[in-house]
Amino acid sequence: MCTVIATEDLEFIENELDFDDKVSLLFLLYGQRNPNYLLQTLTVVCRAPNEETQLLHDWVSYVKDEWQSELLEALVIIQANLCLLKTGFDDVELKERFLPHIAELATCVNPVLKGLYLLCEKMDDNVTAKLLDYLKQNNALAVQDHLHFELALLELLCRGELKLGCRKNAEQCDLLVLVAALKTLDLYDLAYFCKSISNNFNKDISMNPNQSDNTKSNVSFYLLPEAKVQPLGDVPQDGYYISNRNAGIILIINQFTFYREANPELADLLPLKPLCNRRGTEIDKLAISNLFSAFGYDLIEIDNIPHLEILKQVENAVTKMKTNHCSLVVCLLSHGQEGKVYGSNSIPVSVKAIEKVMAAEKLTGRPKLLFVQACQGSDLQSAVEIPRLEHDGPSAERTASVFVDFLVAWSTVPGFASVRHIEKGSWFIQELCLKLRQLHDRNHLMDILTAVIDDVSSKRGYGNECMVPIIYSTLRKKLYFEPLKSKQS
């Protein structure tokens, strides 16, 4: 396998990429150096996207030195896997090196540019067109091409309305124009993702203004501050030990939008009232994916799927488990009722049925962790209106795992609603990720979950609402996580 990219490969790479990927790649490479030049160049190139170009050669001539790693990382970020394989690189090895799935982490590419690229990837054509129209009307944006929103970002960078920041010079990132536009258009999840990009960058500056750009040691995770803890000693031989080299699979099923199932045979299963969008769930998904990716898990993220597809995706995750994987983790973020979670079609599926799928024979002896952020009923402990808090649910079967090596953690006890902040995410998921990050070096999982229960149960909402998570476990041993990759370097 190749270890260094050569100038002779540049023409092949550029011709191998489709036009959309080429635009994204150049955005990551040029955005912090000369956005004005790139905007002018792409404006011309977009008129004839099928013509051959030599833009990568031009970029290398502009950069001159130490360009190989930055180009490789940018190719990994845009998921040009086939192109990398054809060039002779091991795409799996590169993913482990550059961790493209962690939004806040960048080695050579500017981390804010990486975040903005990921923002573009989260938007479909309709959302992009809507956002571009808003910026044209309110910010006098000249760019017309809504298919390549990177051009709009480049224009905002050229005009100084977006600022990437610079850690070396203690200059903060400023993406307020985008955040404000997204909020105005009620695109809250995208707004808070965009805000998290600048928050993470600026947090590092406030901690150490002399740090340089784009180093792994500069990374911090959204809503998850690093904790200074003593390293874990020898793990007991009778414990589960989750190695970050082969931790396993984590499946995150994130339900944000819901519709009413049209099949009349399922009409009796629908809740009486339509389920509302779960604002703030994207923050939970980010926190989980960031943390468990750092633990070494292979990430599968699925958004907005109907009830039967939930079971299929869990089965798919089980199928992907390899013999050397330590554990399987499933996270369900949705509305719910007692013992059940809702698909995007507003039809519930039993969590017990999900457990049965996870209890595959091939996983015998390995821990299976199921985290459920959903209501188990509609009761709140106070009837006072909650200005910025929502609950995940619109009471029947009570559930508890009867399978060995299982752990099921619900955000709330049966019969009660689960509180979710529409800007900061849910109490349970945010506290779970925070405590795992803070305590995994010195505590096993059950002790960490006890701390989660203690902290969540002490929280109070605007109307004195409270909630208590509940844990069902048949784990036969104490479960330990290997220290995070970022703590080993």
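Details
- For the stretch 42-83, the calculated P(r), taken from all Cα-Cα distances in 5 Å bins from zero up to the bin holding the longest distance, is 5, 18, 19, 22, 25, 9, 1 percent.
- Over all orientations, the stretch 1-62 has a Cα convex hull whose mean projected area works out to 4.5 square nanometres.
- About the Cα centre, charge dipole magnitude for the stretch 108-181 (Lys/Arg +1, Asp/Glu -1 at Cβ), debye: 300
- Ligands, DNA and RNA left out, the accessible area of the stretch 246-375 computed with a 1.4 Å probe is 52% carbon and sulfur.
- Taking every protein chain into account, the accessible area of the stretch 1-61 amounts to 52 square angstrom per residue (probe 1.4 Å).
- Heavy-atom surface analysis with a 1.4 Å probe gives the stretch 37-177 a carbon and sulfur content of 46 percent of its accessible area.
- Surface accessible to a 1.4 Å probe, residue 364 within the full protein complex, Å²: 100
- Figure note: 145, 65, 58, 268 ranked by solvent-accessible area, largest first, 1.4 Å probe, ligands and nucleic acids not counted: 268, 65, 58, 145.
- Ranked order, 95, 114 - accessible area, probe 1.4 Å, largest first: 95, 114
- On a per residue basis, the convex hull of the C-alpha atoms belonging to the stretch 49-114 measures out at 113 Å³.
- For the stretch 49-158: Kirkwood Rh in Å [reciprocal of mean 1/r, alpha carbons]: 15.8
- Accessible surface computed residue by residue for the stretch 69-121, with neighbouring protein chains in place and a 1.4 Å probe, gives 31 Å² per residue.
The values are calculated or read from the model by the stated rules, or taken from the named source; none is laboratory data. As the structure is a prediction and not an experimental result, all values here were calculated from the model. Backbone-built Cβ (ideal geometry, glycine too); neighbour counts: all protein chains shown. The accessibility values were calculated without ligands, DNA or RNA, using every heavy atom of the protein model including side chains. Shrake-Rupley method; radii C 1.70, N 1.55, O 1.52, S 1.80 Å.
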